[in-house]
Amino acid sequence: MYDFTPIIESISGYFTSTFSPLWAGVLLMVLLGIAILGFYAILGLYLVYAERKICARMQNRIGPNRVGPMGLFQTIADLIKLLMKELIYIRNADSILFNIAPFIVIVASIMAIGSIPFAKGLQAIDLNIGVLYILAISSMGVIGVLIAGWASNSKYSVIGAMRSGAQVISYELSVGLALLCMITFSGSMQLSEIISSQEDGWWIFKGHIPALIAFVIYLIAGTAETNRGPFDLAEAESELTAGFHTEYSGIKFAFFFLAEYMNMFIIAAIATTVFLGGWLPFHIYNFSVFNNLMDLIPPIFWFFGKTAFVIYVMMWFKWTFPRLRIDQLLALEWKYLLPINLINLILTSFLTLMQWHF
Amino acid sequence: MEDTVVDIDLKEKEEYIINMGPQHPSTHGVLRFETCLQGETVKYLIPHCGYIHRGIEKMSESLTYPQLIHLTDRMDYLSAHINNEAVSLCVEKAMGVEVSDRVKYIRTILAELTRIASHQLWWSAFGMDLGALTTFFYGLRDREKILDIFEESTGARLLQSFITPGGLMYDVHPNFQKRVTEFVKYFRKKLPEYDQLLTGNIIFRERTQGIGYMSLEDAIEFGVTGPSGRGSGFHCDIRKIEPYSAYPLVKFDEITFDVGDTYHRYLVRMKEMWQSLSIIEQLIDGIPQGPIMLELKAIKAPKGEYYQRVETARGELGVFIVSDGAPSPARIHYRTPNFSNLFIINKISAGHKIADLVAISGSLDLVIPDIDR
Amino acid sequence: MALLKTIKEVGNYFLEIYDGLASLARGMKVTGKYFIKPSEIVTQQYPENRATLQMFDAFKGELILKHTEDNEHFCDACNSCARACPNGSIEIVSKREVGEDGKSKRLLDKYIYRLDTCTFCGLCVPACDQNAIAFSQEFEHAVFDRTKLIKQLNKPGSHVVQKQKTEAK
């Protein structure tokens, strides 16, 4: 439970010893694919359920509570309903692009999940350019959005897709720069090394002021990246019906919906890894009794607990604030977040050189 | 949409026409905005109303005077009591009778409670249009308490038909005073929360300040009354100009600002809720005893033309009755506030973006059945 | 002077940012407070709470003709309520019968009430001199067949209460 490395080693050992290297590789990849897809689907379903319950509590009401005990099967019922809906084919729409778009969005987010460290030894692939890989992959999601808007052949969809595209590529800059600050602190882009550099304390505490500023900027830019929260004008229900996914129905709409929640999970997971110590428990400096108590909880619970906290903060943003207009959103990025990010980066580099962090 | 009549000429390149409505989540009711956009900017806007025209004025010609109230509270259904009060006052003015003090006090208290309920619903829907989805639930949660007060005394939550020519239909429940006092105390604690959640919020201020500027001359020329007009400096509160019912007995301020943008129209309504609470507090403890209904042989207006105006939650409602002595009016016409408030939207939203159009139409607080009657 | 102006502008920039973040934090405090301690759940679990659900006494649910335990009602078919109704949702069918003293009396045959056109304005109830009709608190009226909404209010086998019991109110 505490260290998954022996289990993973034994599984891959079994495969390599029983089959030829080619077949072993292929079978391992298939197994990994099934595991990640299963995890993706189940987590997506329960994130939707969690959002409905959290927003209900903020609004003085109970969320879903009829389908299953405490409403746990509500999202499964919604999924079955969506699967049974008619797939509407749009006349004059580019059918190849129209059908590919949801898949591009889903593929981009699944590829990003593959490199997140869930617990010690439980990481699908540990690239030495981990952070760069994740940033590059999540930029591919915006292609799906733009294609969806264009191929729908509808005024509302095009407006929504253009807005969303402009928003995502602007905020990627801020996400990248905020992560760059933390890479400067820890000295490496490899995710497992970033975690091991936090063994004596999480970067958000060790890196005091610049790390705190970087965290706040990362949260804001992260919610904007995923088209969530106060930045959700691409799918603003009260203005343009549903933005870029107006014309999608049934399982394709379910893909967009699911991808939004999983992107939120990925942003939260990266925040946990880089700022909050990944799967490391909460240690107070040299307070060994407390530290030993914290070590009892398995790292995988630490990881999911911290990610859940960050996801809760993102949901809190969505249900409290009104929406920003597109020009205000872009002004926020280019006039406020980017200059502050650059100043923060200079500050971080200075602090790292002078070793003035903990 | 290509085969419908297009009223706008596309002059420049990259202009296109979008229809917002009649079924749309944010125009509150069935109203169609034919918008000519260039990119994201609104160039020209034509509102098309009439989707919910029911012929109230024509139907009223075959009803007797006491039966008119069952149609008037379906015009602006969020200020149902005030609409009924308008017709009742006009008929009483025509007959030359005056109701008892008890009736005047209760009518004013019900009217102010209706005003608060209407502003609560407006606040909920405005926040929801702008994206803050929790405001919907907070506003409606507090509005339930007012609707409970109405249901206990009048029997219905929304369309009460309670204020009738000659007085009230029944007496209020004995719990009325206690419930209203409790509600005033409860709401005084909740109203600052509304300000914390939405009014001071920087995102909200950025979305509404400087948007939809309406000058004083435009407000007077188009006849924009009510809180929308008062946000531009137009002193049009009928409760101060021609006081009726128990308004001469209470002290309250008329809230005007002279800035004229969406934010100040919003502020007028928030501050009006405070004023309504203070009016209710001044009246609730001193309701005199007295008869509920006048002893009249028949409720019939003598021959002539009569006009009465009241201040609903959205502006000035005028009732014009032409009578020739029959039990039914010969012609009745309602000057509704929403009809005049609607047509200024073209002038004030030109040059803004689509997202601002939603904020502007939310701040004008339109209730569509009032436009079409 | 130019330097002073730039310093002021830079200061304003940071002040704006702080101001904005503070207003956002205030808003989040309100929703956060309700998340931790929702003061009351304002929704009711409707079909399960039918046993305790009570409407107010004045609630205008559905029109009924009041009946006593001996299956007697108070309506004398005077047609006032039908005249008061603004859209003709009440129709009174009366019959003439010869009483013991030889005079023909008007009696109620059928009291037809159309729930599908009634607007619940309540103008009929005060119009009745005998206080014979009232509103009940029943609100579950949904039916699959619209003809079920045209109801006959006088129960089968009931007759009007004898004259000495009622006083004109």
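The values are calculated or read from the model by the stated rules, or taken from the named source; none is laboratory data. Nothing here was measured: the structure is a model prediction, and the numbers come from that model. Glycine also receives a Cβ, built like all others from the backbone with ideal geometry; neighbour counts cover every protein chain displayed.
In the set C:GLU140, C:GLU91, which member is away from chain B (no Cβ under 12 Å) and either free of Cβ contacts under 8 Å to residues at least 12 places away in the same chain or basic (Lys, Arg) (or both)?
Within the list C:GLU140, C:GLU91, the selection yields C:GLU140.
Restricted to the range C:6-21, and to residues that are hydrophobic (A, V, I, L, M, F, W, C) and either within 9 Å of chain B (Cβ to nearest Cβ) or surrounded by 13 or more Cβ atoms within 10 Å (Cβ to Cβ) (or both), which residue is nearest to A:LEU332 (Cα to Cα)? First the steps, then the outcome.
Here is the first cut: in the range C:6-21, the residues hydrophobic (A, V, I, L, M, F, W, C) are C:7, C:10, C:14-15, C:17, C:21.
Still in the list and also either within 9 Å of chain B (Cβ to nearest Cβ) or surrounded by 13 or more Cβ atoms within 10 Å (Cβ to Cβ) (or both): C:17, C:21.
Numbers: C:ILE17: 10, C:LEU21: 13 Å.
So the residue we want is C:ILE17.
Can you tell me which of (1) touching a Lys or Arg at 6+ places or on another chain (Cβ under 9 Å); (2) at pLDDT below 90 is the one B:GLY318 doesn't meet?
With respect to (1) touching a Lys or Arg at 6+ places or on another chain (Cβ under 9 Å); (2) at pLDDT below 90, B:GLY318 is out only on (2).
Does C:LEU115 fit the bill of being closer than 24 Å to B:PHE162 by Cα, away from chain B (no Cβ under 13 Å), out of contact with any Asp or Glu (no Cβ under 6 Å at 6 or more places or on another chain) and among the aliphatic types (A, V, I, L, M)?
yes
Of all residues in the range B:253-266, which are over 18 Å from the mean Cα position of the chain (by Cα) and at pLDDT 90 or above?
Passing the criteria: only B:TYR263.
Could you check the range A:246-264 and list, in sequence order, the residues that are not in a helix (DSSP H, G or I) and not small (Gly, Ala, Ser)?
Answer for the range A:246-264, where residues must be not in a helix (DSSP H, G or I) and not small (Gly, Ala, Ser): A:THR246, A:GLU247, A:TYR248.
When the range B:114-140 is examined, which residues are found to be within 14 Å of chain A (Cβ to nearest Cβ), part of a helix (DSSP H, G or I) and crowded, with 20+ Cβ neighbours inside 10 Å? Walk me through it before giving the result.
Keep residues of the range B:114-140 that are within 14 Å of chain A (Cβ to nearest Cβ), which gives B:123-140.
So of that shortlist, the ones also part of a helix (DSSP H, G or I) come out as B:123-130, B:134-140.
Once the filter is applied, which keeps residues that are within 14 Å of chain A (Cβ to nearest Cβ), part of a helix (DSSP H, G or I) and crowded, with 20+ Cβ neighbours inside 10 Å, the range B:114-140 yields B:TRP123, B:SER124, B:PHE126, B:GLY127, B:MET128, B:ASP129, B:LEU130, B:THR134, B:THR135, B:PHE137, B:TYR138, B:GLY139.
Considering only the range B:159-169, state which residues are within 11 Å of B:LEU294 (Cα to Cα), buried (at least 23 other Cβ atoms within 10 Å of the Cβ) and facing chain C (nearest Cβ under 9 Å).
Once the filter is applied, which keeps residues that are within 11 Å of B:LEU294 (Cα to Cα), buried (at least 23 other Cβ atoms within 10 Å of the Cβ) and facing chain C (nearest Cβ under 9 Å), the range B:159-169 yields only B:THR164.
Condition check: at pLDDT below 85 and of a type outside the set (Gly, Ala, Ser). Does A:TYR248 satisfy that?
Against the criterion (at pLDDT below 85 and of a type outside the set (Gly, Ala, Ser)), A:TYR248 qualifies.
Of all residues in the range B:198-221, count the ones that are within 16 Å of B:THR256 (Cα to Cα) and of a type in the set (S, T, N, Q).
1
Within the range B:119-153, count every residue that is among the polar types (S, T, N, Q) and touching a residue at least 24 places away in the same chain (Cβ under 8 Å).
The qualifying residues number 3.
When residues of the range C:27-43 are filtered for being acidic (Asp, Glu) and more than 7 Å from every other protein chain (Cβ to nearest Cβ), how many remain?
Going through the range C:27-43 one residue at a time, the tally reaches 0.
For the range A:123-145, what are the residues that are of a type in the set (A, V, I, L, M) and without any contact (Cβ under 8 Å) to a residue 40 or more places away in the chain?
A:ILE125, A:ALA136, A:ILE137, A:MET140, A:VAL142, A:ILE143
Can you find even one residue in the range B:275-286 that is in a helix (DSSP H, G or I), within 14 Å of chain A (Cβ to nearest Cβ) and either buried (at least 21 other Cβ atoms within 10 Å of the Cβ) or not small (Gly, Ala, Ser) (or both)?
No.
From A:ASN153, A:ASN99, which residue is under 27 Å from A:PHE244 (Cα atoms), touching a residue at least 60 places away in the same chain (Cβ under 8 Å) and assigned to a helix (DSSP H, G or I)?
Unique residue meeting the criteria: A:ASN99.
Provide a single number: the residues in the range A:314-338 that are farther than 27 Å from A:THR272 by Cβ and either more than 10 Å from chain B (Cβ to nearest Cβ) or among the polar types (S, T, N, Q) (or both).
Total satisfying the criteria: 4.
Is it the case that the range C:68-87 has a residue that's under 30 Å from B:MET59 (Cβ atoms) and assigned to a strand (DSSP E or B)?
No, there is no match, as no residue in the range C:68-87 is under 30 Å from B:MET59 (Cβ atoms) and assigned to a strand (DSSP E or B).
I'd like the full set of residues that are within 12 Å of chain C (Cβ to nearest Cβ), free of Cβ contacts under 8 Å to residues at least 60 places away in the same chain and more than 16 Å from B:THR114 (Cβ to Cβ), limited to the range B:170-189.
Of everything in the range B:170-189, those that are within 12 Å of chain C (Cβ to nearest Cβ), free of Cβ contacts under 8 Å to residues at least 60 places away in the same chain and more than 16 Å from B:THR114 (Cβ to Cβ) turn out to be B:HIS173, B:PRO174, B:ASN175, B:TYR186, B:LYS189.
If A:ASN291 passes every condition in (1) under 22 Å from the mean Cα position of the chain (by Cα); (2) within 22 Å of A:ALA211 (Cβ to Cβ); (3) not acidic (Asp, Glu) but one, which one does it miss?
Answer for A:ASN291: the failing condition is (1).
Are any of the residues in the range A:185-195 over 26 Å from A:ILE284 (Cα atoms), among the small types (Gly, Ala, Ser) and either in a helix (DSSP H, G or I) or touching a strand residue (DSSP E or B) at 6+ places or on another chain (Cβ under 9 Å) (or both)?
no
Name the single residue, out of those in the range B:207-237 being within 14 Å of chain C (Cβ to nearest Cβ) and crowded, with 18+ Cβ neighbours inside 10 Å, that is nearest to A:PRO322 (Cα to Cα).
The residue in question is B:ARG207.
Any chance you could count how many residues in the range A:217-232 are more than 7 Å from chain B (Cβ to nearest Cβ) and either in a helix (DSSP H, G or I) or at pLDDT 90 or above (or both)?
11
May I ask you to say which residue of C:LEU24, C:LEU3, C:LEU63 is surrounded by 10 or more Cβ atoms within 10 Å (Cβ to Cβ) and more than 11 Å from chain B (Cβ to nearest Cβ)?
Details: C:LEU24 fails: more than 11 Å from chain B (Cβ to nearest Cβ); C:LEU3 fails: surrounded by 10 or more Cβ atoms within 10 Å (Cβ to Cβ).
Testing whether each residue is surrounded by 10 or more Cβ atoms within 10 Å (Cβ to Cβ) and more than 11 Å from chain B (Cβ to nearest Cβ) leaves just C:LEU63.
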